[in-house]
Amino acid sequence: EGKSTHSQTDVLIIGAGPSGLMAAYWMARCGVNARIIDNRDTKVFLGHADGLRARTLELFDSMGFQHRVLEEGSISTEANIWVPGPQGKLVRQAQIDIFRVDESPFHNTRLNQGRIERFILDSIREHSDLDVERSVMADSLEYDEELGNDPNSYPITVKVRVLGEDDLNRPSGQEIDAESEAAGNEVSRSNLLPDDWADLAPRNKPRKTQVETIKAKYLIGCDGAHSWTRKQLNIPVEGSNTDHIWGVIDVIPLSDFPDIRRVSVVNNAAGTILVIPRERGLVRFYVPVQTCEAGTTDRFDRSKITPDLIRERVQAILAPFTFDFKECSWWTVYQVGQRIATQSTKDNRIFLAGDAVHTHSPKMGLGMNMSMQDGFNVGWKIALAVAGTLKPEILDTYASERHPLAEMLLDFDRHWSPMFTDRKPEVADTKASDMALVAGKFEDFADGWKVFYPASSLVRKAEDDAEFAFARHMIPGERVRPVKLRNQADGGTRWTTRTLESDGRFRILVLAGDIRNPMQKQRIETLSQVLAGQTGSGISPLSRYWEIPGRFKSPVDVLTIHTSPWKEVEFFDFPEILRPFDPVNGWAYDKIWCDDACMFDRYCDGTAYEKWGVDRVLGALVVVRPDQYIGWVGELGDVEELTQYLDGILVKKSPTDEVAAVL
Ligand code: FAD
C-alpha cells in the first residue's frame, strides 16, 4: 500500500447518492468545512431511480434548479389500469388522477437519478468548492463516546482507502442487495448529455492505494442499502426480502399499446407489468420475472435473466398489443427487500440517511424522494450546528422527524406491493378500488404534502385547536402550502417555493394584512420597532443570534406578504426593517410581496391568505425553518413568543442577551 496521511474535517459524508448529495448541498450553502466520499469511480449516469414527487420538486425550487428537471423530465398526471375485458382482450379499466389542482405548482415527474445528481452537484459547486471524492472507500470507523458531549471535539475517526490502480478489492459497480446493476449498461458520450461528459472518465487515480485517517466532528452515513456505516455501528435492520424478483428495462418502445406514454399497470393471466414513461422517449417497464419459495431469502440466479427474457415477458403481458425495442438504455434485476434500521443515529454525532435506513420496492417511486428528504433534513441541522448557529440538542429532531416516516414508508409499500404481484385477473376489480383507496389514504404522505413532523423545540404545536385560528392552514410541522405572489417593487410574480430559498436561514413571514387600514398599519409599525430593536429589551430577534459565518450576519430573515391591492400601496409604505438598505446593493426589493390577483399570471390569483387560513385584514406571524417547514405560528403582536421559540433553537451572540432577554 502507498503512503498514509491524517486529516480532520467538521463533517464527513460517506456516499454520494441522492441522500449524501442533499446533505452536501447544505454544507456548501452554509460554508461548512466538509468532505464527501464515494467508493464508485464515477457518478450514476443511466437508469436507477427516476420518479420525483411534487414535494421533492418544491425543495428543488428552493434550491434553485427545479426548472432543469421540468425542462428534461416527463410529467405524469394519471395512472391507468388495464385488465382483460369480457372477450379476454386487454381494456382500460380505470384512469386515476394522480395530481391535485392547486396543491403544488409541480407534478410527479420522471427523470433518471443521474440527472438529479448532476443538478445537485452543480448547485454544490455554485456555492462552494466542495467536490465529491470518488474512488475513496471508508474502511474502518472508531467513535470515542467520551468526546461525544463536547461539540468542538472530533470523536469520529474514519480510515479510508483512496483506491489506486493496484486495488483489487474495489467495488464492482453497485453494491446494493435489492438491485444490482447488470453488465452491459454501456455509458458513452452518445447516450449522455454534454454536461455529464466530464464525469465520464474516472479521475486520475494514484498508482498505489493510499490510506487516509480522517477525524470528524460529525459523520453522515448515506451509503445505501448495504450501509457500511450502519454495520460498523452494529445497528440491526428489521424486515426481510420478499419473494418477488423483478426485471427493469428502460427502452424506446415500438408498440401499439395506446397508453405506452402514460403511467399504467397492466394485469392479466400472464402477470403484471408497470409502464412508466420517461424522458427522451424512454419508457421503463417493471416486470416480475421469478418467484422464489415464499419465505426464503435465497439469492436468485441473476445470470438467467436477460433483456431478451424481459422483452418476452412484456410481449406476453401486453398481447395482443405489439411490443418490441431496438434501443435499451439500461436494465437491471432486483429482489425487493422491505427493511428498516432500528436507529438512525448514534449519539447525534453519527447519522444514517436514505437507503441506509429504509429499503423497499422501487415501484412507487419513493426511495429516492425519501432519501433526499432525509439528507435535506439532517443536512441543514448539522451544517448550522457546526457553524455554531444551532443548538446541538436540536439534532435530536432528525430521528424524531424522519424515523416515523421511514416506518410509514414501509407500511405504504406493504400495502401497495401485493397489488403489483398478484397474478389472478379475477381480483382485478377489487384491485382497482383498493388502489384508489390506498392512493387516497397515502397520497398526502407519498407526495410529501404532509410530513407529520411531531412537536419539538423546532415545531411548536398548538395546545388546542383554537390557538392558531388566525392561521388555520399554516400548521407547525408541515410545509408552507405553495402560493404565487406578486413582488411589490417590480410587479413580477413568483412561487413561494422559490422565494423561501434554502439558504440556511429561518424566515419570519410577516403576514401584514391590509395596511391601508390605519390600525393595521400601526400594528406593523409597532412590530417593526420591536424587530429593529427600538423597543422592548432593545435586542432584536434579527440581531440576537450567532451568524452563519461567511454567509449571513443573521440566521433569521424577514419576508413581508400583505393583502392591499398592489396598485394602492408603495414599497416605501413599509417600515425600513422590512426592506433593509445595503450600501452596495441598495434596498431589498425582494422582501415585500403582495397577495393580489394579477392579470398576466392566472396562478397569482390573490388567494394566498385563504389557502393559509389567514384573515386578510389582520394577518399573522409565521416562522419557517430553513427546510421550508413551519416551525411557529402567532399573531403580529407575539414577538416575545416568537423570540422564545428562536431562543430554544439558535445560539445567542452574547451570553448577556440571556439576561436581557425579557422583551
Ligand atoms: P445510494 O443511491 O445507494 O447511494 C449510496 C452510495 O454510497 C453509493 O454511491 C455507494 O457507492 C456509496 N458507498 C457505499 N458504501 C461505501 C463505502 N464504504 N465507502 C464509500 N462509499 C460507499 N426511488 C424513487 O424515489 N423513485 C423511483 O422511481 C425509484 N426507482 C427505482 C428504480 C430502481 C430500478 C431502483 C434500483 C431503485 C429505485 N428507487 C427509486 C430507489 C432509489 O434508487 C434509492 O432509494 C436511492 O438511490 C437511495 O439513495 P441513497 O443516497 O440513500 O443511496
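Rule-based calculations on the coordinates, nothing more; no lab input. Predicted, not measured: the structure shown is a model, and the values here were computed from it. Note that we place each Cβ from the backbone using ideal geometry, even for glycine, and neighbour counts take in every protein chain shown.
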**OP:** With θ set to phi - 60°, apply the Karplus curve 6.51 cos²θ - 1.76 cosθ + 1.60 along the stretch 600-606 and write out the HN-Hα couplings as whole Hz, x wherever there is a Gly or Pro.
**Re:** 8, 9, 6, 6, 8, 10, x
**OP:** Please go through the stretch 354-416 and write out the trypsin sites (Lys or Arg not before Pro) that DSSP classes as loop and that have at most 10 other C-beta atoms within 10 Å.
**Re:** none
Original post:
What is the gain in length, in nm to one decimal, between residue 522 and residue 638 on full extension, counting 0.36 nm per residue of separation less the C-alpha to C-alpha distance?
Top reply: 40.3 nm
**OP:** Mind checking which lysines have their Cα closer than 27 Å to the Cα of residue 159? Skip sequence neighbours fewer than 8 apart in that chain.
**Re:** 3, 43, 205, 208, 215, 217, 231, 346, 381
**OP:** Can you tell me the relative contact order of the chain? Whole percent, Cα pairs under 8 Å, sequence separation 6 or more.
**Re:** 15
Original post:
How are the C-alpha pair distances of the stretch 189-346 spread across 10 Å bins, as whole percents from the shortest bin up?
Top reply: 8, 26, 26, 26, 12, 3, 0
Original post:
Amide H to amide H, which residues 5 or more places from residue 613 or on other chains are under 5 Å from it, using H placed in the peptide plane?
Top reply: 473
Original post:
In degrees, nearest 10, range 0 to 90: what is the angle between the Cα axis of helix 518-531 and the longest Cα principal axis of the chain?
Top reply: 80
**OP:** Calculate how steeply helix 113-127 sits against the longest principal axis of the alpha-carbon atoms of the chain, using the helix alpha-carbon long axis, and give the answer as 0 to 90 degrees to the nearest 10.
**Re:** 30
Original post:
In degrees from 0 to 90, rounded to the nearest 10, what is the angle of the helix 18-29 Cα long axis to the longest principal axis of the chain?
Top reply: 30
Subject >> Residues whose placed amide H lies under 5 Å from that of residue 492, excluding near-sequence neighbours >> reply: 487
Original post:
From largest to smallest, what semi-axes in whole angstrom does the chain give when each is the square root of 5 times an eigenvalue of its alpha carbon gyration tensor?
Top reply: 44, 32, 22
